[in-house]
Ligand code: ADP
Ligand code: MG
């Protein structure tokens, strides 16, 4: 609480990054840009490192975005088979790992179902069960073949597509942090919406990241003190669907074909890398708190803070 008196709050989607003012130490620069469909913010004492980090995030977006027509992901989705570069190969290997570890709850081929539910919000009409059944035929990471040696990806069924929305932002943060580190900078905070990495510390103090209350924007649930750690927060309050008067999660349960009904309203995951934190935060929405925590525990050095609809209960593992 003492620190709160000297803090500057900055709202970035689901999190607040709290900067401690310091008079005599390093000066920090902070820059924001709209990339990957959201606000990217970088705080660092070195302006050149900030440029390097933004360039890297742009590079990753140009490879992984399904909205950029000549991205590698778009080419793969269009052709169903492609020799890919090391970034997409790595991300899809990780996607398979999360798919297997979550028993299919995390599945980057879930796009056809996401599209159906997006149309539902637009028209304010629930999808037909026939449409859901048909879309489910095109969902399943078991229909994605990865040949690591040849660096090729092949879809085993026509119409399969990958959507890396649930892990691409985390990966971009990791890549940008690596570039900044290689450049020799030891202190930097990069956030792509709720996906954050805190490199080093800030003038000898840990970086502080506040978690927004899922139902009250102005309230903080917690303040995390972080050093060389990734943190991702997913909340249903950012992009949920509302059809009629019912709220639907923007995470889809690939097994049911419906929006996840796990009652999770906010999931924060701390991990060694941001890709893992991002993917796990998404998966918790589908698995729910108990199975979600089991999954997080399976990953060494990962921890979670989960709030549910029922009790806004805190699983305080910090
Ligand atoms: P948030 O913005 O809440 O942090 P993310 O951006 O991490 O969430 O994830 C949203 C993305 O997850 C969307 O692109 C959506 O298509 C995708 N998605 C939805 N359900 C699943 C799922 N079960 N497995 C993997 N990706 C999913
Ligand atoms: Mg995610």
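The values are calculated or read from the model by the stated rules, or taken from the named source; none is laboratory data. Remember, it's a predicted structure, so these values are computed and weren't measured experimentally. Every residue, glycine among them, receives a Cβ derived from its backbone with ideal geometry; neighbour counts consider all protein chains shown.
Scanning region 295-312 for residues that are within 25 Å of residue 113 (Cα to Cα) and part of a helix (DSSP H, G or I) yields a count of 1. Residue pairs whose Cβ atoms lie under 6 Å apart, separated by 6 or more positions or on different chains, with the first residue in region 247-261 and under 16 Å from residue 163 (Cα atoms) and the second in a loop (DSSP other than H, G, I, E, B) and more than 13 Å from ligand 2 (Cβ to nearest atom), are 250/240; 254/104; 254/139. Hey, does region 181-189 have a residue that's part of a helix (DSSP H, G or I) and away from ligand 1 (no atom under 14 Å from the Cβ)? Checked against the condition, which is being part of a helix (DSSP H, G or I) and away from ligand 1 (no atom under 14 Å from the Cβ), region 181-189 yields at least one hit. Spot the failing condition for residue 262; the list is (1) within 15 Å of ligand 2 (Cβ to nearest atom); (2) modelled with pLDDT of 90 or more; (3) assigned to a loop (DSSP other than H, G, I, E, B), and only one is missed. Of the numbered conditions (1) within 15 Å of ligand 2 (Cβ to nearest atom); (2) modelled with pLDDT of 90 or more; (3) assigned to a loop (DSSP other than H, G, I, E, B), the odd one out for residue 262 is (2).
Table: residues versus (1) modelled with pLDDT under 95; (2) assigned to a strand (DSSP E or B); (3) within 11 Å of ligand 1 (Cβ to nearest atom); (4) touching a strand residue (DSSP E or B) at 6+ places or on another chain (Cβ under 9 Å).
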| position | (1), (2), (3), (4) |
| --- | --- |
| 217 | yes, no, no, yes |
| 221 | yes, yes, no, yes |
| 225 | no, yes, no, yes |
| 232 | no, yes, yes, yes |
| 242 | yes, yes, no, yes |
| 250 | yes, no, yes, yes |
| 255 | no, no, yes, no |
| 266 | yes, yes, yes, yes |
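Restricted to region 117-150, and to residues that are over 29 Å from residue 81 (Cβ atoms) and touching a helix residue (DSSP H, G or I) at 6+ places or on another chain (Cβ under 8 Å), which residue is surrounded by the fewest Cβ atoms within 10 Å (Cβ to Cβ)? The residue in question is 126. Consider region 151-174 and keep the residues that are away from ligand 2 (no atom under 16 Å from the Cβ) and crowded, with 18+ Cβ neighbours inside 10 Å. The one that is nearest to residue 86 (Cα to Cα) is 153. Pick from region 180-203 the residues that are closer than 22 Å to residue 88 by Cα and surrounded by fewer than 20 Cβ atoms within 10 Å (Cβ to Cβ): which of them is nearest to ligand 2 (Cβ to nearest atom)? Taking the candidates together, the pick is 181. One residue alone among 210, 170 is farther than 25 Å from residue 89 by Cα and either assigned to a loop (DSSP other than H, G, I, E, B) or in contact (Cβ under 8 Å) with a residue 40 or more places away in the chain (or both), and that residue is 210. Restricting attention to region 268-294 and to residues that are in a strand (DSSP E or B) and touching a helix residue (DSSP H, G or I) at 6+ places or on another chain (Cβ under 6 Å), the residue that is farthest from residue 106 (Cα to Cα) turns out to be 271. Elements of the type helices (runs of 4 or more DSSP H) sitting completely within region 63-167 and holding at least 1 residues that are more than 23 Å from the chain's Cα centre (by Cα), touching a residue at least 24 places away in the same chain (Cβ under 8 Å) and within 16 Å of ligand 1 (Cβ to nearest atom): these cover 111-123, 129-136.
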